[in-house]
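Down below is the structure, laid out as structure tokens.
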Amino acid sequence: MRLTQFSDYAVRVMLYLAAHTERLCSIGEIASAYEISDNHLMKVVSKLAAEGYIESVRGRNGGIRLDRPATEINIGKLIRHTEGHIDLVGCAQCKLNGVCNLPGPLDLALAAFFAVLERYSLADVLGTQDGVRLLRQLSKGMR
């Protein structure tokens, strides 16, 4: 299974914020750190804020930060929120829809995929201090 670009960017934003808990971060600095579009990240950040994963602070000295500790953010649930409904092979449009048995195993595989992801928090996937250090290096000179 391949995650959408939206989910990829959402996880990147969350990892970046988890490595910078001591301050507010801007969308621009995160976009620069990952060399991706500000416009794409604005949509991602908007959804993450609406879902309660991040807090957005408005104003001149505003920015974004995690809404709760990284240990309390479940990666499986985050990806479920960002992916929405997942149709692995598009069975609804298939001429064999209703008579083929492939959807059953695919549903089981998808459930297993998320069951594994739901065992991990954002803090777990952030990893060691090396990961935090790398994410902090990406932001040097952007503030």
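A short reminder: the numbers here are calculations on the coordinates, not readings from a lab. What you are looking at is a predicted structure, and each value in this text was computed from that prediction instead of being measured. Note that each Cβ is placed from the backbone with ideal geometry, even for glycine, and that neighbours are counted across all protein chains shown.
What do you get for the angle between helix 5-19 and the principal long axis of the chain? Use alpha-carbon atoms, 0 to 90 degrees, nearest ten. Here the helix axis deviates by roughly 40 degrees.
Quick one: go through segment 47-66 and flag any residue whose amide nitrogen is under 14 Å from the point 7 Å out along the Cα-to-Cβ line of Glu72. It comes to 52-55, 66, nothing else. The angle between the Cα long axis of helix 103-117 and the main principal axis of the chain comes to about 20°, on a 0 to 90 degree scale.
Each peptide among 25-38, 52-65, 101-114 gets the average number of other Cβ atoms lying within 10 Å of its residues, and from highest to lowest they stand as 25-38, 52-65, 101-114.
In the chain, helical runs assigned H by DSSP with n ≥ 4 each contribute -39500 (n - 2.57); averaged across all residues and rounded to the nearest 500, the mean residue ellipticity at 222 nm is -16000 deg cm²/dmol.
To the nearest ten degrees, helix 38-50 and the longest principal axis of the Cα atoms of the chain are 80 degrees apart. Relative contact order of the chain: 33 percent, from C-alpha pairs under 8 Å at least 6 residues apart in sequence. Straight-line reach from Lys95: taking Cα to Cα under 20 Å and skipping same-chain neighbours fewer than 8 places apart, the aspartates and glutamates in range are Asp87, Asp107. With 0.36 nm allotted per residue and the present C-alpha distance subtracted, the His85-Phe113 stretch has 8.7 nm of extension available. Stretching Cys100 away from Thr4 to a fully extended chain increases their span by 31.9 nm, per 0.36 nm per residue minus the current alpha-carbon distance. Which FRET efficiency value, to the nearest 0.05, is calculated for Thr21 and Asp124 with the Förster distance at 22 angstrom and r the Cβ-Cβ distance? Between Thr21 and Asp124 the formula returns 0.90.
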